[in-house]
Amino acid sequence: MENDINLSVNIAGIKLKNPVMVASGTFGYGEEYAKYIDLNKLGAIVVKGLSITSREGNPPPRIVETSAGMLNSIGLQNIGIDSFIKEKLPFLKKFNTKVIVNFFGDSIDEYCEVAKRVDSVSGIHGLEMNISCPNKKEGWLEFGTNPDLAFRVVSAVRKNTKLPLIVKLSPNVTDITVIAKAVSDAGADAVSLINTLSGMAIDIKTRRPKLANIIGGLSGPAIKPVALKMVWQAAKTVKLPIIGIGGIMTHEDAVEFMIAGASAVQVGTANFIEPTSSEKIIDGLKLYCRQNCIRNINKIVGSLNF
């Protein structure tokens, strides 16, 4: 029966061979993991977040382990969109795996400019907007925590690209459904959630923050229950494909997210612990389907029983 199992999914017109993607910021630009995992087996690679120009990121220390997770304050270090297209994309085009460009900006104009530059580039199959960024022109208020700002930036980007547009939602909000509806109304083709939760850690010997930036983003198994709840809430609110993110370490975790309403998942922190995690999760999904007589994995999406 295994050969009859259909793991393929469709996210806003992007046809994936399976629902397992690797999350932005945890897989570099793909080439870094090529010696550990067969990139052809992945559903999609979401590359490290890109901006108009390169960024050095925050000073170290930038990563701290926590109970059941990790805090990071990398500061969106990246090589810039033009360098990515010239230096990194040619390698990714060698593989039969979809490439999603995660991108961000400090203003609406910057978001739009990045979207314009990749709109007709061969080998890029979709965009993922990171709206967990502060808008310098609006008093550093995060795009992703204000529904009006979220609507404005997504609406503007929508006018500047024909590529499928996935919007990555911040969990640092009172009600995730309000933001999900705002980006849906603005023209998003799909949503991915959640981004990291805001947190910090303190060295009790020095009484100093463990991160140079003081505050960082919490990821890993610790945030999974929060992410699962928010995916379920978003799935009930918007009629868009949903990509679940947050503490996915095993195929059982992935199945939970799909039952909650996600059509696909992204594996993040697990890549740091075990570089082959994504491949193992794909194999595990096949096993789950076979053991439960499921021929098409899409059948479990949003199948939560009450």
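Laboratory data are not the source of any read-out in this text; all were calculated from the coordinates shown. Being a predicted model, the structure only gives us computed values, none of them experimental. Note: ideal-geometry Cβ built from the backbone for every residue, glycine included; neighbour counts use all protein chains shown.
Remarks
- Two-site label geometry, Thr276 and Met200: point separation in nm, points 7 Å out along Cα→Cβ: 4.1 nm
- Which of Arg208, Arg152 has the fewest Cβ neighbours within 10 Å, and the rest in rising order: Arg208, Arg152
- Taking each residue as 0.36 nm, the span from Val226 to Lys15 lengthens on full extension beyond its C-alpha to C-alpha distance by 73.2 nm.
- Ellipsoid equivalent to the range 27-186 - semi-axes via the Cα gyration tensor, in Å: 25, 20, 16
- Beta bridges by DSSP in the chain, antiparallel share as percent, to the nearest 5: 40 percent
- Rounded to the nearest 0.05, the FRET efficiency derived from the C-beta distance between Thr174 and Leu287 at R0 = 35 Å is 0.35.
- Pairwise label distance in nanometres, Lys93 with Asp185, each label 7 Å out on the Cα-Cβ vector: 4.0 nm
- The shape of the range 2-300 can be summarised by an equivalent ellipsoid whose semi-axes, obtained from the alpha carbon gyration tensor, come to 27, 23, 20 Å from longest to shortest.
- Candidates Thr206, Thr161, Thr177, ranked by Gaussian network fluctuation over the chain, Cα under 10 Å, top entry: Thr206
- Zone of Ile214's modelled label, taken as backbone nitrogen in the range 51-66 under 17 Å from a point 7 Å along Cα→Cβ: 58-62
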